[in-house]
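None of the figures in this text is laboratory data; all of them are computed from the coordinates on show. No experiment lies behind these values; they were computed from the predicted model shown. When we count neighbours, we look across all protein chains shown, and the Cβ atoms used for this are built from the backbone with ideal geometry, even at glycine.
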Amino acid sequence: MVSLFEMSSLSASYGTSMVLQDINFRVVEKDFIGVIGPNGGGKTTLLRLILGLLKPVSGNLTFNSELINRNRIGYLPQISTGDINYPVTVADIILSGLMIRKGIISRMSSADKSKAAMVIDELGLSGMAGSTLNELSGGQIQRVFLGRAIIGEPKLLLLDEPGNFVDSTFENDFYEKLRELNKRMAILMVSHDVGTISSHIKSFACVNRSLHYHPSNEITNEDLLSYNCPIQVITHGEIPHTVLKYHK
Amino acid sequence: MEANIFQYEFIIKGLLGAIFASITAGLAGTYVVSKRMVFLSGGITHASFGGIGIGYFIGINPVIGAAVFGIMSALGVEYLSVRQKIREDSAIGILWAFGMAIGIIFIYLTPGYTPNLMSYLFGSILTVSNADIIALGIMSVILIFYFGIFYRAILYISFDEVFARTYSSYVDIFKYITTSLIALTIVLNIRMAGVVLVISLLTIPPNIAMLFTKVYFKIVLWSILAGFIGTASGYAISYFAGIPVGATIIFTLVIIWVIAKVISQLTKKISVSGKGELEMDKPLKS
């Protein structure tokens, strides 16, 4: 598989506190990685490094320039970033996903606008193009932000804790939508909710200052043990589950 | 004859003032109201009064003093809020009173002629010079071009700054420039509406517009129209009734807002009751 980007012995810190240390991580085309780990373990920092919002203190992050650059990354931040009462329509929010390539003096062409209309339909938001966020449900708001992330046809989609604002009725639809998108792009999904992570995920990255990557085929019968804290999974009946190897 | 020419000039000045005030206040006000910066703008306004006082004291045009104070305090608060080292509302509160205090002290210390404090606090069309009108006109052109060219960048940065940082490294520069332009707009409108009332000139028109539309640029257009009706009619009423212009404009704008609110509530009720009837029909049909 062709890699999209590669991190080699990469470290990141905020001020004096080291958040990520000596990360070696490669993301291949059309992978679907669940990034799991405790709060404060560096999951969001990992995304910030990939987005270029944070410079590593040491090590390298190299993009495969034939396939991807920072303009071809879609990003779905945690919901708290946008003001849902702001007077901006769904169509305009989705179009803002094109700003990275358009630059700051941008006029949206009619092609851009019809692309936005396509995304709106694809995400089941038909008829809401002219609505503002405070008129939508939590699940619909999430789809608007997903639309903003994918309108530029990215090669890599970064999702930061999408489970945080999914309404449960929409959760299945949302992950189904991600599975479809995964045919066109690699997905890196941050979640601290390990228990309910989507079954569409192909591989895992466990992040807690260090990063351990578990490829898809690595399912064993060993106990789930991560972050030096044994976790017991309790379920009723037949629930599909994945057990990851010990970190070496 | 002379009286007629004087009246004619007076009307032209008032009309141009109303047009430029509503354009600048509409553009700046929509940004301020959408971004919930009303309190910050109030702080900038009152801080700039310190510049007016110092302007008088050292013998320069007080508007220049106000502009310097306004922009400096705007940038200062933006900078501090970016650094997040200080409670923003407290900083604004301190700035607010400090600016007023400096203004009053220096006006008091100015030897000889003491300016009419009331005209700065509550606005007076009589003290508005041709230069003030021209400055407001230039400001209108600058704002139209600035918001016209960078419409989407400004809209998206104020909607979701965190996301904007993922695609642009100009986010902070935009915030500083926009806030400076808003400070200038406020300072130039002080002559019309006065320190105490100018913030309403910025905030009432967008609030009228938002009752009827939620699209940003439509809010701007409706704000300018509402602002023009309010300032022009307020100006006319103040002229004929012989009452202070700033207060009359704000009073007129609030009356327009109340009427608009009633109209929007009534139209909502009508559409809601319409929906209710449709829903009632469904079970009958099935």
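Side notes on the structure shown:
- Residues of region B:120-147 with amide N under 17 Å of the 7 Å Cα→Cβ point at B:Phe10: B:124-130
- Eigenvalues of the alpha-carbon gyration tensor of region B:95-195, scaled by 5 and square-rooted, set the equivalent ellipsoid semi-axes at 35, 18, 9 angstrom, largest first.
- Rh (Kirkwood; distinct C-alpha pairs) - the protein assembly as shown, Å: 26.5
- Cβ-derived FRET efficiency at R0 30 Å, B:Phe39 paired with B:Gln265, nearest 0.05: 0.65
- Charges were assigned to the Cβ only: +1 to each Lys and Arg, -1 to each Asp and Glu. The resulting dipole of the protein assembly as shown about its Cα centre is roughly 560 debye.
- Computed over the alpha carbons of region A:94-164, Rg followed by Dmax gives 12.3, 34 Å.
- Spin-label pair B:Val82/A:Leu53, simplified geometry with 7 Å Cα→Cβ offset, distance in nm: 1.6
- Taken as Cα centroids, region A:12-68 and region B:191-233 sit 46 Å apart, rounded to the nearest whole angstrom.
- Whole-number D in µm² s⁻¹ for region A:114-154, Kirkwood Cα-pair radius fed into Stokes-Einstein, 20 °C, 1.002 mPa s: 210
- Positive-end residue, the protein assembly as shown charge dipole about Cα centroid, Cβ charges, pick of B:Leu201, A:Gly103, B:Ile133: B:Ile133
- Between A:Glu153 and B:Tyr176, the distance separating the two model label sites (each 7 Å from Cα on the Cα→Cβ line) works out to 3.8 nm.
- Rounded to the nearest 20 debye, the dipole size of region A:93-193 about its Cα centre is 660 debye, using +1 on the Cβ of Lys and Arg and -1 on the Cβ of Asp and Glu.
- Here the spin labels are modelled as points 7 Å beyond Cα on the Cα-Cβ line, and at B:Ala97 and A:Arg26 they lie 6.4 nm apart.
- Of the beta bridges in region A:3-230, as assigned by DSSP with both residues counted there, near 55 percent are antiparallel.
- Over region A:3-230, the reciprocal of the mean inverse Cα-Cα separation, the Kirkwood hydrodynamic radius, stands at 18.4 Å.
- Translational diffusion of region B:1-53 was estimated from the Stokes-Einstein equation, with Rh taken as the Kirkwood radius over Cα pairs; at 25 °C and 0.890 mPa s the coefficient is 182 µm²/s.
- Translational diffusion coefficient of region A:1-131 (Stokes-Einstein, Kirkwood radius from Cα pairs, 37 °C, 0.692 mPa s): 189 µm²/s.
- At q = 0.22 Å⁻¹, base-10 log of I(q)/I(0) for region B:142-196 (Debye sum, equal scatterers on each alpha carbon): -0.84
- Charge dipole (region B:2-285, unit charges on Cβ, about Cα centre) - positive-most of B:Tyr8, B:Leu266, B:Tyr31: B:Leu266
- Over the C-alpha trace of region B:19-99, radius of gyration and Dmax come out as 13.5, 40 angstrom.
- Proxy reagent accessibility, fewest Cβ within 10 Å first, across B:Thr30, B:Thr231, B:Thr213, B:Thr203: B:Thr213, B:Thr203, B:Thr30, B:Thr231
- Annotation: region B:2-285 has a Kirkwood hydrodynamic radius of 20.0 angstrom, from the mean reciprocal C-alpha pair distance.
- Note on region B:1-154: semi-axes of the ellipsoid equivalent to its C-alpha gyration tensor, largest first and rounded to whole Å, are 29, 24, 11.
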